[in-house]
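What follows is a single structure, written as structure tokens, with notes after it.
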């Protein structure tokens, strides 16, 4: 049933797409079969034709259905049964220190090695980046007679870039001026500055569980504590679990990634966003929102950030171009709300300003339409890559493996059988020159020991498929080895 009440998810077409996907997963619609026509589905469920079309385009982008000329839409023949999704986890409600520095450094060093198949790096492959266009833009800028990129830039950042971001933000429901924005060295600096602006060493920060290990490392370096909140792999953080924590202990700030979460790929429904923003406003708790994957949606509309619901200036919205255009440019931004002046002072004492030339190139690409053109292309690529990677995991990994189904970004969260220690798998895979990220680095308490994160940021190839096949075989061997040990223990016990 399609829920069209005011409490429903803001994006109705996603509900339509989810319903059709459920029919396919349950075997009601089989590969090669025609799905209901746009008009028939619209009439039967009392939704608009444009909504149904958006849903069909989303499923087409994800490789689930295909359009046939003069015939309609069909379930793709190549689609295989997808593995089930992981369930929500419930971490302890107590606060804890973060201690992932050593593991973070060990894993991060392997993520830049060119001789390794990179399923671990949460970054676009160079072949998918618009490097040639950016290089041409840089050349044009450098040839201009009035180039001033070698001098100190504006403290708040290059004004034309801030203007482009503030203009785009209007489409997301966010209203802020150019001066409400600061340009930073990537999203990491933005988050670091925001945490320092709203909290002190020893304070407790509420985070999703699991959450991106880079955020945990920032919190660790600032000598703050975290309390992990139960987070659904599809719908994001649980508002009920967050409220329970806030009532039991003093939470100084909340750090969330509600749109295409790393590592889950989850997307928080609009109603949940409203509840969380209202809850935090009631307790006067600042919310730092990491929105680095927001532009990489597979559907027809960019999801609204939680900042769009902020009436009190308590949401500090952080973004970046590192996951989209150029990781090496390290250009991020932040709209800190009521904390703008505090964040600005910290920025000046931290790095003074951000390199001007990369900002100029990005601003020009956004202004001339190149950014949107590139996004349309790369979104489709990531949707396809996520689909084929999921199908390969289903084919090659041990029985019982579960995988998330994101509607944006390029990350998959994979739950392996309980007997698979992800750190052991990581070490065995690295010996085969395959990179993954073990799950326990995504938790301050080092939970998720049978989980791994897989990146779909590379163009699909025979080499990648072989890498997943090898990874699956390694996981199967661990399962078999664990079973043999268990059987021998049982034999000894009976003897």
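The values are calculated or read from the model by the stated rules, or taken from the named source; none is laboratory data. Here the structure is a predicted model, which means the values were calculated and not measured. Cβ atoms come from the backbone with ideal geometry, glycine included; neighbour counts cover every protein chain shown.
Evaluate the stretch 117-136: report whether one residue or more is more than 21 Å from residue 457 (Cα to Cα), surrounded by 17 or more Cβ atoms within 10 Å (Cβ to Cβ), assigned by TED's automatic domain parsing to the domain that holds residue 223 and modelled with pLDDT of 85 or more. No.
Okay, residues lined up against (1) without any contact (Cβ under 8 Å) to a residue 24 or more places away in the chain; (2) in a helix (DSSP H, G or I); (3) closer than 22 Å to residue 381 by Cβ; (4) assigned by TED's automatic domain parsing to the domain that holds residue 383:
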position: 16; (1), (2), (3), (4): no, yes, no, no
position: 20; (1), (2), (3), (4): no, yes, no, no
position: 24; (1), (2), (3), (4): no, yes, no, no
position: 28; (1), (2), (3), (4): yes, no, no, no
position: 41; (1), (2), (3), (4): no, yes, no, no
position: 51; (1), (2), (3), (4): no, yes, no, no
position: 54; (1), (2), (3), (4): no, yes, yes, no
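Tallying residues that are crowded, with 17+ Cβ neighbours inside 10 Å and over 25 Å from the mean Cα position of the chain (by Cα) within the stretch 305-338 yields 0.
Does the stretch 256-269 contain any residue that is closer than 26 Å to residue 344 by Cβ and either at pLDDT below 95 or outside any strand (DSSP E or B) (or both)? Before the answer, list the steps.
Applying the first criterion (closer than 26 Å to residue 344 by Cβ) to the stretch 256-269 yields 256-259.
Narrowing the set further to residues that are either at pLDDT below 95 or outside any strand (DSSP E or B) (or both) leaves 257-258.
Yes, the stretch 256-269 contains at least one residue that is closer than 26 Å to residue 344 by Cβ and either at pLDDT below 95 or outside any strand (DSSP E or B) (or both).
Only a single item in (1) touching a helix residue (DSSP H, G or I) at 6+ places or on another chain (Cβ under 8 Å); (2) touching a residue at least 60 places away in the same chain (Cβ under 8 Å) is not met by residue 314, and it is number (2).
Restricting attention to the stretch 85-120, the residues that are outside any strand (DSSP E or B), within 25 Å of residue 445 (Cβ to Cβ) and in contact (Cβ under 8 Å) with a residue 60 or more places away in the chain total 22.
Could you tell me which residue of the stretch 422-445 is modelled with the lowest pLDDT, considering only residues that are touching a helix residue (DSSP H, G or I) at 6+ places or on another chain (Cβ under 7 Å) and part of a loop (DSSP other than H, G, I, E, B)? Among them, the one singled out is 444. For the stretch 56-74, the set of residues classified as in contact (Cβ under 8 Å) with a residue 12 or more places away in the chain, surrounded by fewer than 18 Cβ atoms within 10 Å (Cβ to Cβ) and in a loop (DSSP other than H, G, I, E, B) consists of 71 only.
Among the residues of the stretch 79-97, those identified as at pLDDT below 75 and either touching a helix residue (DSSP H, G or I) at 6+ places or on another chain (Cβ under 8 Å) or at positive phi (or both) are 79, 80, 81, 82, 90, 93. Between 347, 395, the distinction of being more than 30 Å from residue 234 (Cα to Cα) and touching a residue at least 40 places away in the same chain (Cβ under 8 Å) belongs to 347 only.
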